[in-house]
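Novice: Here it is, the structure, as structure tokens.
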Amino acid sequence: MKRTDKLVLGAVIPPFVIALTVLTFVVFVRELGRLSELFISRNASFGVVAGIAGAIVPGILVFSLPLSFLIGCLIGLSGLSGESQITALLSCGIPLRRLLRGLLALGTLVALATGAFSLYVLPRTNDILEELKHRINLRQLTSQVQPRVFNEDFPNIVFYLDDLSVGRRFWSRVFVADNSDPRNPNRIILAREGSWVGDPSGTMLQLHLVDGRIYQVDPLDETRDNVSRFVSIDIPIPLDLGERSQAGRERSRGPKRPFETTTGDLWRGAPGTTPEQRRAELIELHRRIALPCSAFAFALLALPLGASTKRTGRSAGFVLSLLLVLLYYSMLWSGSNLASVGTIPPWLGPWGGNIVLAMLGGVLMLSGERGRRFRHGLYDWKNRKAKESAPAAAKPAAALRRVRACLDLGVIGGGSRAARRCLPKILDFYVARGFLVYFAWSAVACATLFVALTLFELLDDIVRNRIPPVVVADYFFSLTPQILLFVVPMAVLLATLIHFGIMEKASEITAIKAGGWSLYRVSLPVIVLSAVVCAGLYLLQDYVLPYANMRQDSLRNMIKGRPARTLRPQRKWIIGEDGRIFNYDYFDSAQDVFVKLNIYEVDLEELQILRKIRAARATVDRAGRWILEDGWIHDFRPGRPGFERILQARFDFPERASYFKKDIFEPKESSKLTYLQLKEYIEYLSKSGYNATELKVELHKKASFPLSALVMSLLGVPFSFFMGRRGAFFGIGASVVIAIIFWGVFGVFEQMGSYGLLAPALAAWAPDVLFGATGLLLLLNLRT
């Protein structure tokens, strides 16, 4: 390898590796919460979780490898250009195209790795993921059973337990609604104790109940009921009948979508496919080949662009890389969309972006080698103009410097010495300005990459459902608050490490300490700005995000071709007052009407059903009176009539219609509620017998998560000073490692809280407390 190639690769490889790490982490961190859930709450083994993580990574690397190569090339070459090293090489007679050899060598390795993932690994990971998810579903959520709530996660059975043992194995005072036997539907079982009995095959569970009663009504004759006692009873529950496993099997029996098909099958084509299906298969095939080959187009374009950024250096390369990423994805999306409707050939859609970028790179390369004299003359003309205007601007600049110096020394402004000491100094503005610049760049970079990869993730659905560009733009506009909430803490950490790392490398920190300023005082502006960012995150999360998430969720359903939905279907079991249990098939909240209503008045202490009321229709009027129609009453209390039919009857239950009007949000949809709305909602759920543990964790997260920006700055300040003179790239790498650890711990604690192993408040606040205390401890141990 020639020395010139070593110079180019030495400048390109470090930013390429860092960009690959950051980009892969930004996408993978979205899966950390789901992996933590699998490991903790679904009893998945470490091997299964590791297998799922390994199956997810290839799908990320297919996109992050070529994009990181483009970012690395532009940043590395812009750095060489900013240090005039490319100018020195050109002055020695080395042509610009000579530098392309090292880039093409690295691009070939990137293309081969991306091609292996795209053509071979990625199509096969879909089957692996389905198999691993099925294995997890076979271990049903037996250990997630919660006391004093209705557990409805199992097929054909709903149960409620009044208490749970310390080891979570034995239950006390159990209410079971069993519909597993079609011949005896609506069988109600009350038991003093209950527990799970596992099956060695992992496909079956036994619900073991001890000492109780069975209440059931003859389905052929409603006037007849049967009450029997038992010493013990077992109810089998087949785990493979779960909704998710059933959905997975149905999808596996259907035709595979193009991205699930192997490359060989795409090349050969399935017999009997329609022209539209074959076009979609060819588009997917060419995209799998074009994406790895984009590395060559990136190398050809990055060299002239990077070499032309002489003064702005790496920052210009960073900006150019972001713009080119958006440009490439826009062309890929537009080309695939046009190819899907038959406007252009199937091969041209995926390859169009590569062709355009390669042609643009070739033109810039030729102009870069032939137009050097013109550019030199242009630079000379700009320099002469700058020198002519320099004297006119010198006096205001000098006056401004004197005013700032006077302000810093306290000559202007008067006041007490304590007041002047509290006022911001010039150094505070200098530190704050640098932090804000790097914070803005980091936030824009992470958000741009997030948008680009989300766009590529939805590309198949956009093309298949022919979504207009206006809808896509509206979706990403509504998604922006969620993206900012995710990337801002990471941007604070990056900005802190990069800014102080550069100051330390330039010996500015040494000069500041020699001037009598401690590191605590130097870092104060960053800490204050991070606290301001925390406040901004809370306002964004509580006042903007709920409405933006409602909008982006409906648009995402439109892009995915799903019907619009915001809530889960109505729950069917609710606890009222005085041990009263309501069960219904449907509740019309507009007219306050119930369909097929069952009311159980239960005494769990004595394991008795006192009365069961059934009505085909029930209405709650404005005064709160219940009007039941076409039903019956079974009264099991001594001395009462056993059966009574009702055509229409009025009851004075204390529950009002508003008690039933709130459907159940998924925990992830808690972001659509403000803090106070979610708190009120949790109180309602806890009162009506629903498990709100996960939502309680989400409630505390609404207060703890914005504080993560301040925690990141407390961690970043000591790490940046400990790193010494290793510079910005080492700071970026350190920030990625810290962020991975933080988000991993945050996800684990969140799932432990949802699972009931930790109190919700402790699960939400523990990561901030642990990492914040670590940052403070490191900060206090600094030599200031």
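Novice: Identify, by number, the condition in (1) surrounded by fewer than 21 Cβ atoms within 10 Å (Cβ to Cβ); (2) farther than 24 Å from residue 21 by Cβ; (3) within 24 Å of the chain's Cα centre (by Cα); (4) modelled with pLDDT of 75 or more that residue 757 doesn't meet.
Specialist: (4)
Novice: When you look at residue 547, is it at pLDDT below 85 and of a type in the set (Ser, Thr, Tyr), yes or no? Lay out the reasoning, then the answer.
Specialist: Details: at pLDDT below 85: yes; of a type in the set (Ser, Thr, Tyr): yes.
It is true that residue 547 is at pLDDT below 85 and of a type in the set (Ser, Thr, Tyr).
Novice: Continuing with the same structure: Assess whether residue 643 counts as being at pLDDT 75 or above, exposed (fewer than 15 other Cβ atoms within 10 Å of the Cβ) and not assigned by TED's automatic domain parsing to the domain that holds residue 781. Show your work before the answer.
Specialist: Numbers: at pLDDT 75 or above: yes; exposed (fewer than 15 other Cβ atoms within 10 Å of the Cβ): yes; not assigned by TED's automatic domain parsing to the domain that holds residue 781: yes.
Yes; evaluated as a whole, the condition is true for this residue.
Novice: Shifting gears a bit: Starting from the stretch 229-240, keep only residues that are among the hydroxyl-bearing types (Ser, Thr, Tyr), then list their pairs with residues that are at pLDDT 90 or above whose Cβ atoms are within a distance under 7 Å, requiring at least 6 positions of separation or different chains.
Specialist: That search, which allows pairs on different chains as well, returns 232/209; 232/210.
Novice: Determine whether residue 591 is of a type in the set (S, T, N, Q), out of contact with any helix residue (DSSP H, G or I) (no Cβ under 9 Å at 6 or more places or on another chain) and either modelled with pLDDT under 85 or outside any helix (DSSP H, G or I) (or both).
Specialist: Details: of a type in the set (S, T, N, Q): yes; out of contact with any helix residue (DSSP H, G or I) (no Cβ under 9 Å at 6 or more places or on another chain): yes; either modelled with pLDDT under 85 or outside any helix (DSSP H, G or I) (or both): yes.
Against the criterion (of a type in the set (S, T, N, Q), out of contact with any helix residue (DSSP H, G or I) (no Cβ under 9 Å at 6 or more places or on another chain) and either modelled with pLDDT under 85 or outside any helix (DSSP H, G or I) (or both)), residue 591 qualifies.
Novice: Among the numbered conditions (1) modelled with pLDDT under 80; (2) not in a helix (DSSP H, G or I), tell me where residue 343 comes up short.
Specialist: Here residue 343 meets the rest and fails (1).
Novice: Any chance the stretch 473-480 includes a residue that's among the polar types (S, T, N, Q), under 26 Å from residue 64 (Cα atoms), at pLDDT 80 or above and assigned to a helix (DSSP H, G or I)? Don't jump to the end; show me each part of the working.
Specialist: Applying the first criterion (among the polar types (S, T, N, Q)) to the stretch 473-480 yields 478, 480.
Checking which are under 26 Å from residue 64 (Cα atoms) leaves us with 478, 480.
Adding the requirement that they be at pLDDT 80 or above leaves 478, 480.
Going one step further and asking which of them are assigned to a helix (DSSP H, G or I), we end up with 478, 480.
Yes - at least one qualifying residue is present in the stretch 473-480.
Novice: Only one of (1) assigned to a loop (DSSP other than H, G, I, E, B); (2) of a type outside the set (A, V, I, L, M, F, W, C); (3) buried (at least 19 other Cβ atoms within 10 Å of the Cβ) is not met by residue 578, so which one is it?
Specialist: (3)
Novice: OK, next. Just a yes or no: is a residue in the stretch 584-593 closer than 23 Å to residue 149 by Cα and buried (at least 17 other Cβ atoms within 10 Å of the Cβ)?
Specialist: Checked against the condition, which is being closer than 23 Å to residue 149 by Cα and buried (at least 17 other Cβ atoms within 10 Å of the Cβ), the stretch 584-593 yields at least one hit.
Novice: Restricted to the stretch 716-754, and to residues that are buried (at least 19 other Cβ atoms within 10 Å of the Cβ) and among the β-branched types (Val, Ile, Thr), which residue is modelled with the lowest pLDDT?
Specialist: This residue is 732.
Novice: Considering each residue of the stretch 330-351, count those that are of a type in the set (Ser, Thr, Tyr) and within 16 Å of residue 470 (Cα to Cα), and give that number. Can you show your working first?
Specialist: Of all residues in the stretch 330-351, those of a type in the set (Ser, Thr, Tyr) come to 330, 334, 336, 340, 343.
Retained after the next criterion (residues that are within 16 Å of residue 470 (Cα to Cα)): 330, 334.
Final tally of qualifying residues: 2.
Novice: Do we find a residue being free of Cβ contacts under 8 Å to residues at least 60 places away in the same chain and surrounded by fewer than 21 Cβ atoms within 10 Å (Cβ to Cβ) anywhere in the stretch 488-505?
Specialist: The initial filter retains those residues of the stretch 488-505 that are free of Cβ contacts under 8 Å to residues at least 60 places away in the same chain, namely 491.
Of the ones still in play, those that are also surrounded by fewer than 21 Cβ atoms within 10 Å (Cβ to Cβ) are none.
No, the stretch 488-505 contains no residue that is free of Cβ contacts under 8 Å to residues at least 60 places away in the same chain and surrounded by fewer than 21 Cβ atoms within 10 Å (Cβ to Cβ).
Novice: Additional query: Strands (runs of 3 or more DSSP E) wholly in the stretch 119-218 with at least 1 residues that are among the β-branched types (Val, Ile, Thr) and either on the phi > 0 side of the Ramachandran plot or at pLDDT below 80 (or both) - which ones?
Specialist: Numbers: elements: 157-164, 170-178, 187-198, 204-217.
The qualifying strands (runs of 3 or more DSSP E) are 187-198.
Novice: Scanning for something in contact with a helix residue (DSSP H, G or I) (Cβ under 8 Å, 6 or more places away or on another chain) and at pLDDT below 85, does the stretch 632-640 turn up at least one residue? Steps first, please.
Specialist: Just the residues of the stretch 632-640 that are in contact with a helix residue (DSSP H, G or I) (Cβ under 8 Å, 6 or more places away or on another chain), to begin with: none.
Scanning the stretch 632-640 turns up no residue that is in contact with a helix residue (DSSP H, G or I) (Cβ under 8 Å, 6 or more places away or on another chain) and at pLDDT below 85.
Novice: Of (1) in a loop (DSSP other than H, G, I, E, B); (2) within 38 Å of the chain's Cα centre (by Cα), residue 606 satisfies all except one. Which?
Specialist: Against the list (1) in a loop (DSSP other than H, G, I, E, B); (2) within 38 Å of the chain's Cα centre (by Cα), residue 606 comes up short only on (2).
Novice: Given the options 629, 601, name the one that is of a type in the set (D, E, K, R), in a strand (DSSP E or B) and over 17 Å from residue 578 (Cβ atoms). Before the answer, list the steps.
Specialist: Numbers: 601 fails: over 17 Å from residue 578 (Cβ atoms).
Residue meeting the stated conditions: 629.
The values are calculated or read from the model by the stated rules, or taken from the named source; none is laboratory data. As the structure is a computational prediction, the values presented were derived from the model and not from experiment. In this analysis, Cβ positions are derived from the backbone assuming ideal geometry, glycine residues included, and neighbour counts consider all displayed protein chains.
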